[in-house]
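Data block below; observations after.
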Amino acid sequence: MCSTSSLLGVGRLCLGILIISTWVACDDPPPPRAPEAPKKASEIAPPVPEPTVVTRPSNLDEALNLLPAEERFHGFDLPMGYEPHANGRARKIQTTLPRLLRFYYSRYYQVVRTRSGELYEPSKTRGRSLRGSDYKIQAADPLKRKAVLHISERPGSTFLLRIEERKARPLAQPALLRVMDAERQGLEPEAPLRTMKRPAKDGDVVPVAEGAGLVYKRAKPKKLEKFSLRRAKQRVLKPRSSGATSRSVSNRIYKWSNQGTDRRFLD
C-alpha cells in the first residue's frame, strides 16, 4: 500500500508539470516570415513550347517527292501543283530545285544544266532558242526529242517551265521560182509580186486572256516584194557581175522550165 506522503509527492509533481505545460502553451506566437523578393526574368523558366504539327502538302507523297499531274505539257510530265502562266504558253510551280530535278530524273529524262543561258546556236535550220534557261530537259531517246523543256528559276522558290519545239525553219522560196509561179497564175506584168499566204492551222491560234492584246513584230519585207512582176523578172534574170565567185544559171533554168514539159526544176 502506498503511504500518504508518496501520494502527495506524486500530486505535486503532476501539478508542476501541468503549470509548466500551461506556461508554454500561453507563450507568444512566432513572428511572420518576411516576403520573398520577386525572381528575375532570367531565373524564371520559359514555358514549355507546344508541339508543332507539320502537315504534308497534297502534291507530295510519303517520301516528300512531287506527284505527277494528269496533264502533259507537249508530251512532258508535269508535277502536281503547277499554275498556268503566260496565257497558257508556260507553267509555273513553287517548290525546291532538288525536288523538281528529282521528279524528272526518276522518270528517265535527260537533265542538262545550261551555262551560257542559251540552248542552241541560232541558225537557218533551227528555231529561235529560249534565253534565261537554267536547266533543259529532253527525252533520253534521240529519236523522240521533238521538244525541250526549259526550267528557269524565279524569285520566291518559283520555277518557270517553258517549251521550245525543235522544228526546222521552212526554207524561203527562191526568187526565180516565185517569178515562175506568178507567171503560171497569169499575173499581169505590172502587177505587184506578193508571196502566197498559206492557210491558217489550228495550232497557229495563240490563246489570249480577256482584255489582253498581242503585239506582233512586223517582219522586214523582202526586196523582191517591192517590184512588179516585170521588174522582179528583170532582177532575177539579170547576169551577175564579173567579180562574183559563182555564175548565175537562172536564165538556163527559166528557159528549160518554159519548154512546155510536165517536169519541174527542183532546186
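The values are calculated or read from the model by the stated rules, or taken from the named source; none is laboratory data. Remember, it's a predicted structure, so these values are computed and weren't measured experimentally. With ideal geometry, Cβ positions are generated from the backbone for all residues, glycine too; neighbour counts draw on all protein chains shown.
A residue that is at pLDDT 65 or above and either in contact with a strand residue (DSSP E or B) (Cβ under 7 Å, 6 or more places away or on another chain) or surrounded by 10 or more Cβ atoms within 10 Å (Cβ to Cβ) (or both) can be found somewhere in the stretch 217-224. Here L78, L97 are screened, and the one residue that is within 18 Å of L60 (Cβ to Cβ) and either small (G, A, S) or surrounded by 15 or more Cβ atoms within 10 Å (Cβ to Cβ) (or both) is L78.
Test L193 against the criterion of being out of contact with any helix residue (DSSP H, G or I) (no Cβ under 9 Å at 6 or more places or on another chain), over 25 Å from F73 (Cβ atoms), at pLDDT below 80 and among the hydrophobic types (A, V, I, L, M, F, W, C), and give yes or no. For L193, the condition - out of contact with any helix residue (DSSP H, G or I) (no Cβ under 9 Å at 6 or more places or on another chain), over 25 Å from F73 (Cβ atoms), at pLDDT below 80 and among the hydrophobic types (A, V, I, L, M, F, W, C) - is not met.
Scanning the stretch 64-91 for residues that are part of a strand (DSSP E or B) and free of Cβ contacts under 8 Å to residues at least 40 places away in the same chain returns L66, P68, A69, E70, E71, R72, D77, P79, E83, P84.
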